[in-house]
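What follows is a single structure, written as C-alpha cells, with notes after it.
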Amino acid sequence: MATIAFIGLGNMGGPMAANLVKAGHKVVAFDLVAASRDQAMADGASVAESSVAAVKGADAVITMLPAGKHVLSVWTDVIPSMSKETLIVDCSTIDVESAKEAHTLAAKHGMASVDAPVSGGTGGAKGATLTFMCGGEDKAFAAAKPVLEKMGKRIVHCGGGGAGQAAKICNNMILGISMIAVGEAFALAEKLGLSHQALFDVASTSSGQCWALTSYCPVPGPVPTSPANNGYRPGFASALMVKDLTLAQDAAKAAGAATPLGKHAQEIYKAFDAAGHGGVDFSGIIQHVRSLAGK
Ligand code: NAD
C-alpha cells in the first residue's frame with residue numbers, strides 16, 4: 001500500500017486520514033494543532049514535525065485546509081521536497097484562481113496534481129462516503145482515483161485543473177439558493193395554516209422536489225434525519241455556506257457571469273452569520289426568513 005502524507009487534520013481531514021489508515025495505507029500526518037496530531041496518532045497514522053517532513057518519501061500528498069492562501073502556502077513549502085513521481089491532491093474548498101495557481105506550482109516541478117473538493121460533510125468524511133469533484137489531467141486523475149475511493153463513494157472527473165472547484169461552488173450555489181427557497185415556502189405555509197407535513201408530502205413528490213427539501217428538510221418532522229430535528233446541529237455550518245457562496249460570487253465576477261440569486265443568497269447567509277448563527281446548520285436559515293416577516 002502507498003505512503004500518503006496528509007496535511008490538515010481538522011473536522012474533515014482527521015476522519016479522511018483515518019479512513020486511509022483503515023484501508024491499509026501508511027499515513028504520515030501533519031496539522032498545526034497538537035490535538036489534531038494526537039488524534040491522528042490515535043487513529044493509527046504516524047505524525048510528522050512539519051508539512052515538509054511529512055511529504056518526505058510519500059507516494060501521494062493530500063491537503064485539506066481552510067482556504068486558498070493556506071493551500072498555496074503549504075504547496076509552496078512542500079513541493080521542492082517532493083520527487084517528480086509524487087502526486088499532490090488538494091481536497092479543500094478554495095477559489096478557482098488559487099486552485100489553478102496550485103496546479104501551476106506542481107507543473108513547474110513536473111508533478112501531477114488534482115483539485116478534488118468534496119461534498120458530504122463530516123458524516124461523509126467519517127463514513128468514507130464523500131463525493132470528490134476532480135480537476136486535473138487524465139493521468140493525474142487516474143492516479144488519484146484509487147486513493148480517493150478509500151475516502152469516498154463517488155469520484156467524478158470534471159475536467160482540467162480547477163474544474164473540481166468550479167463544480168463544487170456551482171453545486172453549493174444551487175444548494176444555498178434552494179435551501180432559502182424551501183425555508184421561504186415553509187414560512188409561508190405556516191402563515192397560511194398549512195401543516196409542515198402537508199407541504200412536504202406535496203412538494204417532495206411534485207415540481208418543488210429538491211435535496212434541500214427531501215434530505216435536509218428545514219423543519220422538524222418530515223425527514224427524521226435532517227438537522228432541524230436536532231436543533232440545527234450538527235451539519236453544514238452556515239459560516240461554510242457563506243464561504244462557498246462568496247467563492248461563487250468571486251468566480252462569477254472574475255468570469256463575467258450573472259448570478260443575481262447567488263448574490264442575494266450570499267447576503268442572506270451573511271446576515272444570519274453576522275447575527276451569531278455561523279455555527280448553526282445552513283438549514284437554520286428558515287429562522288432568519290421567519291424573523292424578516294413584517295419588516
Ligand atoms: P477545519 O478548520 O476543521 O480544519 C482545517 C485544518 O487545517 C485545521 O486543523 C488547521 O489547524 C489546519 N491547518 C491550517 N493551516 C495549516 C498549515 N499551514 N499546515 C497544517 N495544517 C494547517 O476545516 P474542515 O471543516 O476540516 O474543512 C476543511 C476544508 O474542507 C475547507 O476548505 C472546507 O471549506 C471544506 N469542506 C468542509 C466541509 C464540512 O462540513 N466541514 C464540507 C465540505 C468541504
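Nothing in this text is a laboratory measurement; each read-out follows from the coordinates by a stated rule. The structure presented is a predicted model; accordingly, all values stated were derived computationally and were not measured. Cβ coordinates were reconstructed from backbone atoms using ideal geometry, including for glycine residues, and neighbour counts include every protein chain displayed.
The shape of the stretch 3-161 can be summarised by an equivalent ellipsoid whose semi-axes, obtained from the alpha carbon gyration tensor, come to 21, 18, 14 Å from longest to shortest.
Taking amide H as placed 1.01 Å from N in the peptide plane, residue 112 has its amide H under 5 Å from the amide H of 88, each at least 5 places away in sequence or on another chain.
If you wrap a convex hull around the C-alpha atoms of the stretch 123-217 and split its volume per residue, what is the figure in Å³? Please report the intermediate quantities before stating the final value.
Numbers: hull volume 10.0 nm³, N = 95.
Once divided by residue count, the hull of the stretch 123-217 is 105 Å³.
The ranking of 85, 97 from fewest to most other beta carbons within 10 Å of each one's beta carbon is 85, 97. The dipole here belongs to the stretch 22-174: it is taken about the Cα centre, uses +1 on the Cβ of Lys and Arg and -1 on the Cβ of Asp and Glu, and is about 360 debye. Considering only 93, 104, 205, the Gaussian network model of the chain with Cα springs below 10 Å gives its largest mean-square fluctuation to 205.
Kirkwood-type hydrodynamic radius, the stretch 188-295: 15.0 Å, calculated from all non-identical alpha-carbon pairs. Helix 138-148 and the long axis of the chain differ in direction by around 70°, with both axes built from C-alpha atoms. For the stretch 190-196, the Karplus equation 6.51 cos²θ - 1.76 cosθ + 1.60, evaluated at θ = phi - 60°, returns couplings of 4, 5, 8, x, 8, 6, 4 Hz by residue, with Gly and Pro reported as x. Restricting the calculation to Cα atoms, the stretch 107-148 yields a radius of gyration followed by a Dmax of 11.9, 36 Å.
Sequentially through the stretch 257-267, phi angles give Karplus couplings (6.51, -1.76, 1.60; θ = phi - 60°) of 9, 8, 9, x, 6, x, 5, 5, 4, 4, 5 Hz, Gly and Pro residues having no value and appearing as x. Measuring how big the chain is from its alpha-carbon positions, Rg and Dmax come out at 20.2, 65 Å. Counting only DSSP beta bridges with both residues in the stretch 3-161, the antiparallel share comes to about 10 percent.
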